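Working notes for the structure below.
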Amino acid sequence: MAIQPIRLFGDPVLRRPAAAVVDFDKELRTLVADLTDTMLEAPGAGLAAPQIGVGLRVFTWFVDGEVGHLVNPDLTLSEETQHGPEGCLSIPELRADCTRALSVVARGWDMHGEPLVVEGSELLARAIQHETDHLDGVLFLDRLDTAARKAAMKEIRESEWFGLERPTVKVSPHATRGLGL
């Protein structure tokens, strides 16, 4: 399909909760293809629709050679946690240690409207939680402790990409009818 520009930290779309997908149609399949192509080109372990400016609850992942997607995810998290490095395609060149659940069971749908259950641990669990956070308007920076978040924000402010280009608002090629978007 098409590689899309990835929205960067500071773009308001990254802080808005995404709307549930109600139409499992050609536009949704195009969105999943665009997300997958963009994620693989970046390259990244995951990409959520808001990161390409589409306010719908859809994300893709690429972990351990497996490419997948999930629509309207609902997560069940383990009580056991993991602490390790995390990054984000919307915050280039920044990595910080972040605590996440060690494993996850994600329930949702595929792009054809078929029920889907994804179980993962470690990196896949981290990716699923990270991308679901994007759908809720949450960035991994929000999950860092105060000192780590302060250091991350300093690094962002000093980065070459921050503040150079203000986000532009474009009309999405993906249908958002009835969603008020």
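The values are calculated or read from the model by the stated rules, or taken from the named source; none is laboratory data. Fair warning: this is a prediction, and the values are worked out from it, not measured in the lab. Note that we place each Cβ from the backbone using ideal geometry, even for glycine, and neighbour counts take in every protein chain shown. Heads up: the accessible areas ignore ligands, DNA and RNA and are worked out on the full protein's heavy atoms, side chains in. Shrake-Rupley method; radii C 1.70, N 1.55, O 1.52, S 1.80 Å.
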Residues of the range 55-70 satisfying the condition of being in contact with a helix residue (DSSP H, G or I) (Cβ under 6 Å, 6 or more places away or on another chain) and within 18 Å of residue 8 (Cβ to Cβ): 59
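I'd like to know if the range 124-135 contains one or more residues that are more than 22 Å from residue 42 (Cα to Cα) and either open to solvent by 40 Å² or more (accessible area, probe 1.4 Å) or out of contact with any Phe, Trp or Tyr (no Cβ under 7 Å at 6 or more places or on another chain) (or both).
no
Name the residue that is farthest from residue 159 (Cα to Cα), counting only residues in the range 92-103 that are open to solvent by 80 Å² or more (accessible area, probe 1.4 Å) and touching a residue at least 24 places away in the same chain (Cβ under 8 Å).
Of the residues in the range 92-103, the ones open to solvent by 80 Å² or more (accessible area, probe 1.4 Å) are 93, 95, 97.
Filter once more, keeping what is touching a residue at least 24 places away in the same chain (Cβ under 8 Å): 93, 97.
Details: 93: 9, 97: 19 Å.
This residue is 97.
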When (1) more than 15 Å from residue 68 (Cα to Cα); (2) buried (at least 19 other Cβ atoms within 10 Å of the Cβ); (3) not polar (S, T, N, Q) are applied to residue 160, the one that fails is (2)
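Under the condition of being surrounded by fewer than 16 Cβ atoms within 10 Å (Cβ to Cβ) and not β-branched (Val, Ile, Thr), which residue from the range 14-23 is farthest from residue 90 (Cα to Cα)? Talk me through it step by step, then tell me what you get.
Step one: list which residues in the range 14-23 are surrounded by fewer than 16 Cβ atoms within 10 Å (Cβ to Cβ), which gives 15-17, 20, 22-23.
Then drop every residue that is not not β-branched (Val, Ile, Thr), which leaves 15-17, 20, 23.
Values: 15: 12, 16: 14, 17: 16, 20: 22, 23: 27 Å.
Checked the range 14-23; the qualifying residue farthest from residue 90 (Cα to Cα) is 23.
Mind counting the residues in the range 2-33 that are assigned to a helix (DSSP H, G or I), more than 11 Å from residue 51 (Cβ to Cβ) and touching a residue at least 60 places away in the same chain (Cβ under 8 Å)? It would help to see each step written out before you state the result.
Looking only at the range 2-33, we keep the residues that are assigned to a helix (DSSP H, G or I), and these are 12-15, 26-33.
Within this subset, residues satisfying the condition of being more than 11 Å from residue 51 (Cβ to Cβ) are 12, 15, 26-33.
After this cut, where a residue has to be touching a residue at least 60 places away in the same chain (Cβ under 8 Å) as well, the list is 12, 15, 27-32.
Matching residues across the range 2-33 total 8.
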Restricting attention to the range 104-123, and to residues there that are open to solvent by 40 Å² or more (accessible area, probe 1.4 Å) and part of a strand (DSSP E or B), which single residue is farthest from residue 24 (Cα to Cα)? 121
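In the range 34-52, how many residues are among the hydrophobic types (A, V, I, L, M, F, W, C), out of contact with any strand residue (DSSP E or B) (no Cβ under 7 Å at 6 or more places or on another chain) and either without any contact (Cβ under 8 Å) to a residue 24 or more places away in the chain or not in a helix (DSSP H, G or I) (or both)? Steps first, answer last, please.
Applying the first criterion (among the hydrophobic types (A, V, I, L, M, F, W, C)) to the range 34-52 yields 35, 39-40, 42, 45, 47-49, 52.
The next check asks that each one be out of contact with any strand residue (DSSP E or B) (no Cβ under 7 Å at 6 or more places or on another chain); those that pass are 42, 52.
The next check asks that each one be either without any contact (Cβ under 8 Å) to a residue 24 or more places away in the chain or not in a helix (DSSP H, G or I) (or both); those that pass are 42.
Final tally of qualifying residues: 1.
For the range 61-102, which strands (runs of 3 or more DSSP E) that fit wholly inside it have 2 or more residues that are among the aliphatic types (A, V, I, L, M) and closer than 30 Å to residue 29 by Cα? Walk me through how you get there before you give the answer.
On the way: elements: 66-77, 81-88, 91-101.
The strands (runs of 3 or more DSSP E) meeting that bar are 66-77, 91-101.
Could you say whether any residue in the range 73-91 is exposed (fewer than 15 other Cβ atoms within 10 Å of the Cβ), more than 27 Å from residue 148 (Cβ to Cβ) and under 17 Å from the mean Cα position of the chain (by Cα)? If you could, list the steps in order and put the result at the bottom.
Narrowing the range 73-91 to residues exposed (fewer than 15 other Cβ atoms within 10 Å of the Cβ): 74, 76, 78-81, 83-85.
Among the residues that remain, those that are also more than 27 Å from residue 148 (Cβ to Cβ) are: 74.
Of the ones still in play, those that are also under 17 Å from the mean Cα position of the chain (by Cα) are 74.
The answer is yes; a qualifying residue exists.
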Pair list, Cβ < 7 Å and 6+ apart or interchain, from the range 110-122 residues that are closer than 30 Å to residue 99 by Cβ to residues that are among the acidic types (Asp, Glu): 116/110
